[in-house]
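Notes for the one structure printed next.
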Amino acid sequence: MEVSDVTVLLDLCSSLSAMDSTQMQISINKYLECVTEAETAVIVPIERKERESLFVQVIGTRKQDTTAIPKERVLKEQLDECKILYLADLPSNSHKELQNFLGTQIKSFVSVPIPANSRKKSLTNGEHCNHIHENDDMSHADNFREKRSKPSEQAELIVCLVNKKNGEQFNETDVKKIKECFRVCAGVLINAFAYEEELRLRSQFQKLLLVAKNLFTHLDDVTVLLRQIMSEARMLTQAERCSLFLVDRKNKELIAKVFDGNILPDGTVEQGPEVRIPLGHGIAGHVATTGELVNIKDAYHHPLFYSKVDQDTGFKTRNILCFPICDDTGVIGVAELCNKEHATHFSKHDEEMAVAFSSYCGLAIMHSLMYKKVADAQYRSKLSNELMMYHMKRPDLNNLEVPEDEVVSLVDNVIPDITRIHQNFASFNFSPRTIPVPDSAKVVFTMFKALGMLQRWRIPEETLARFILMVKRGYRDPPYHNWTHAYSVSHFCFLILYNLQLMQKKLISDLEGLGLFVACLCHDLDHRGTNNSFQISSNSVLAALYSSEGSVMERHHFAQSMCILNTEGCNILENINKQEYTDCLDLLRDNILATDVAHHLRIMPDLVGVAETGYDRTNDRHRSLLCSLVMTASDLSDQTKDWINSKQTAKLIYTEFFTQGDLEKAMGNRPVESMDRERAFIPQLQIQFLDQIVIPVFRILSTMFPEAEATNKAVNRTKKYWDKAGKVLKAKGIPPGNCMDMFQDPSIDDVVISD
Ligand code: Q2T
Ligand code: ZN
């Protein structure tokens with residue numbers, strides 16, 4: 001070696017000290033390209049931990065986004081055997097892969113592995129000059145000997161030269177130049193790699209600690225926590241998408257409740273459809289059962305991958321990193337990361353990150369679930385105190401139980417036939433509100449009988465009487481949502497079941513009929529005269545218990561129904577079989593939840609579909625939709641009666657609405673128009689309510705059942721009444737803030753009902 005060459009090399013070496021590993025590679029490559037006349041030099045660092053891929057940051061003098069090349073297919077020989085490869089030695093698949101990777105034709109090539117030991121030797125030896133002067137045959141032999149004597153000796157770097165400028169092949173002189181260069185520079189470069197790796201690990205560790213801190217501040221809401229976990233996991237590994245599954249051990253299923261869904265303006269989480277996967281199915285299912293992390297480089301060629309989901313969502317999954325989340329009892333969840341950004345797949349680092357991250361997740365989820373259990377127990381006890389206080393304040397009740405003499409008196413005074421209540425009782429135009437309240441329990445009893453429920457379900461008369469009286473007490477006394485509402489809703493349900501013969505014609509099952517009628521009776525239990533959004537804005541106990549699931553009041557009505565059924569002597573379902581019992585509770589829950597306007601609006605398109613294509617009684621979804629329709633029609637049935645009834649209902653509902661509005665104002669909030677006594681114009685609000693909710697319901701009902709056409713006509717007539725009433729009031733010029741006055745003014749009635 002010439003002295004001038006030695007100087008150049010030493011200059012290169014000393015210049016490296018101030019650089020990071022990328023700059024070093026650029027300088028070394030530049031030097032190699034210069035002394036060997038190669039078009040491009042590439043240094044490939046070898047990381048022992050990373051089993052599958054090689055990562056290259058610099059090609060020639062060009063820095064690039066770290067690219068991975070699969071070890072299996074490229075430069076494998078050097079990793080296993082530490083030998084020098086020329087173009088002629090390259091297997092053809094390796095050749096192609098490298099051309100792909102470099103983006104150029106390869107006409108000449110050499111790659112030289114640099115073993116770790118060469119560096120240690122040169123560092124400990126101290127006789128650098130000697131080494132440089134040694135010939136390269138010697139080094140060859142050296143290499144060989146070392147490999148034999150110490151099988152642990154492996155390459156730490158691979159240096160490649162591509163395309164010699166004069167068109168010739170690379171030769172041993174080029175190899176010698178590489179070796180000379182790396183005898184001097186390998187140490188600095190490898191130390192730089194190690195130092196940068198150290199920094200990366202340290203920042204990863206700090207990131208993880210920060211994430212853990214974040215996780216533990218979201219313990220009060222599992223959904224928020226899961227959302228947080230997903231977004232952190234995605235950021236830590238640079239994944240495009242993340243889904244999280246919780247293991248349901250009882251049902252042997254994985255539940256994906258939370259996706260990368262949206263948070264709604266009111267702060268609640270949009271409830272996408274809950275996805276359930278049998279444990280053991282698919283990639284997530286596999287991870288849940290084995291408890292092992294899987295890193296899938298190519299999703300479409302993996303036997304466990306299920307491409308149907310991609311077809312449905314239009315998302316293209318390239319690769320997946322799926323890992324278990326465990327607590328001390330085993331796997332409690334699975335996180336699935338999709339599509340590593342800026343790389344072909346997830347790396348060994350990502351796997352490590354996932355493992356560390358998952359232990360924090362396990363702890364956080366476990367604590368969060370425990371936290372929720374404790375909090376729920378506290379809310380429940382608070383609620384039961386609240387109920388106790390409420391009932392103690394009622395002068396008519398000093399005892400939560402129904403007095404036995406009331407039960408006996410009800411059973412003894414049963415009305416045997418509905419026509420004895422009123423000759424018109426089973427007609428759609430009969431107004432149940434005309435029945436005196438003291439007779440109401442008896443009337444409900446008779447409806448149960450007329451529907452054949454006592455016989456069919458072997459309900460003891462005393463149990464039924466106790467149940468009805470208990471439900472009656474379960475209602476509070478707000479102006480509208482009280483017992484009278486409950487039994488008038490039940491009456492309409494009776495009209496439907498009785499007149500349309502839904503059970504006899506097998507359009508619904510007997511159990512569904514029972515589920516409907518009982519649900520109507522119970523559907524507004526313990527209503528406080530305020531709606532769902534009021535529960536949330538007033539931070540009520542009910543909101544604390546149910547707001548994360550939506551339908552706050554309806555969930556409470558159902559919980560109250562369960563309380564009554566579980567009360568000694570009140571369980572009208574005590575004689576039905578076990579399967580029917582659980583099915584019936586499911587029906588009750590679904591039916592009561594169906595009375596949430598929000599639920600109704602969600603299923604409306606499907607209902608329209610059924611009305612258009614025809615009802616199919618063998619279709620479970622159709623039957624469930626029909627039950628929901630019966631519930632809402634019954635709940636809105638006041639609008640199918642005469643003008644007196646409509647006006648009375650409006651008076652009650654707006655008394656209730658305005659009271660809530662006043663409370664909202666007192667809390668510093670602005671009520672909606674229909675609850676603001678200063679802004680509301682009742683006839684117009686009623687027309688809106690009829691147009692948007694009521695009329696569509698009865699249109700669908702009458703399309704499906706022409707026998708119910710009278711109800712459709714009736715609600716349209718009611719709309720006309722309100723139209724006229726509105727005109728009369730406008731002509732009179734009602735002052736704002738006094739719109740309740742219309743209920744004191746009988747003069748409008750004549751105009752309204754005149755044709
Ligand atoms: C689809 C079944 C809906 C049954 O649930 C409800 C809930 N709240 C009120 C029904 C009603 C209800 N029942 N009768 C009436 C009348 C005569 N006018 N309503 C009304 C409901 C609204 C408006 C006027 C009503 C709906 N708004 C209430 C305030 O908040 C916005 C919605
Ligand atoms: Zn209701």
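In this rough spin-label picture, where each label sits 7 Å from Cα along the Cβ direction, the Lys30-Arg276 distance is 6.5 nm.
Label separation (Glu401 vs Met19): 9.1 nm, computed from points 7 Å beyond Cα along the C-beta direction.
Ranked by the mean number of other Cβ atoms within 10 Å per residue, highest first, peptides 231-237, 299-305 order as 231-237, 299-305. Take the chain with all the other protein chains still there, run a 1.4 Å probe, and you get 48 Å² of accessible area per residue. A simple spin-label model places pseudo-atoms 7 Å from Cα toward Cβ; at Asp583 and Lys732 they are separated by 5.4 nm.
Cα centroid separation, region 342-357 to region 636-673: 58 Å. Positive-end ranking of Gln57, Leu219, Ile592 along the dipole of the chain, with charges on Cβ about the Cα centre, is headed by Ile592.
Given R0 = 22 Å, the distance between the Cβ atoms of Tyr300 and Lys348 translates into a calculated FRET efficiency of 0.50. Angle of helix 620-635 to the longest C-alpha principal axis of the chain, folded into 0 to 90 degrees and rounded to 10: 50°. In this Cβ point-charge picture (+1 for Lys and Arg, -1 for Asp and Glu), the chain has a dipole of about 640 debye about its Cα centre.
Where Lys and Arg each count +1 and Asp and Glu each count -1, what net charge lies around Ile687 among other residues with Cβ under 9 Å from its Cβ? Don't jump to the answer; show the numbers that get you there.
On the way: positive: Lys719; negative: Asp691, Asp723.
My count for the surroundings of Ile687 gives -1.
Quick note on the chain: its Rg to Rh ratio, both from C-alpha atoms and Rh being the Kirkwood radius, is 1.20. Residue separation of Ser92 and Glu198 scaled by 0.36 nm, minus their Cα-Cα distance, works out to 34.4 nm of gained length. Here the contact order of region 585-664, divided by its residue count and restricted to Cα pairs under 8 Å and six or more residues apart, works out to 28 percent. Each Lys and Arg contributes +1 and each Asp and Glu -1, all at the Cβ; summed about the Cα centre of region 703-752, the dipole is approximately 240 debye. In degrees from 0 to 90, rounded to the nearest 10, what is the angle of the helix 695-704 Cα long axis to the longest principal axis of the chain? That works out to roughly 90 degrees.
Measure nothing but the geometry: give the 0 to 90° angle between the long axis through the Cα atoms of 578-593 and the longest principal axis through the Cα atoms of the chain, rounded to 10°. For 578-593 against the chain, the angle is about 90 degrees. Averaging the sequence gap over all C-alpha pairs within less than 8 Å and six or more residues apart, then dividing by the number of residues, gives the chain a relative contact order of 8 percent.
The simple Förster model, with R0 at 35 Å and r as the Cβ-Cβ distance, assigns Gln423 and Thr655 a FRET efficiency of 0.60.
The values are calculated or read from the model by the stated rules, or taken from the named source; none is laboratory data. Please read these numbers as outputs of a predicted model, since none were measured by experiment. When we count neighbours, we look across all protein chains shown, and the Cβ atoms used for this are built from the backbone with ideal geometry, even at glycine. For accessibility, only protein heavy atoms count, side chains too; no ligands or nucleic acids. Shrake-Rupley method; radii C 1.70, N 1.55, O 1.52, S 1.80 Å.
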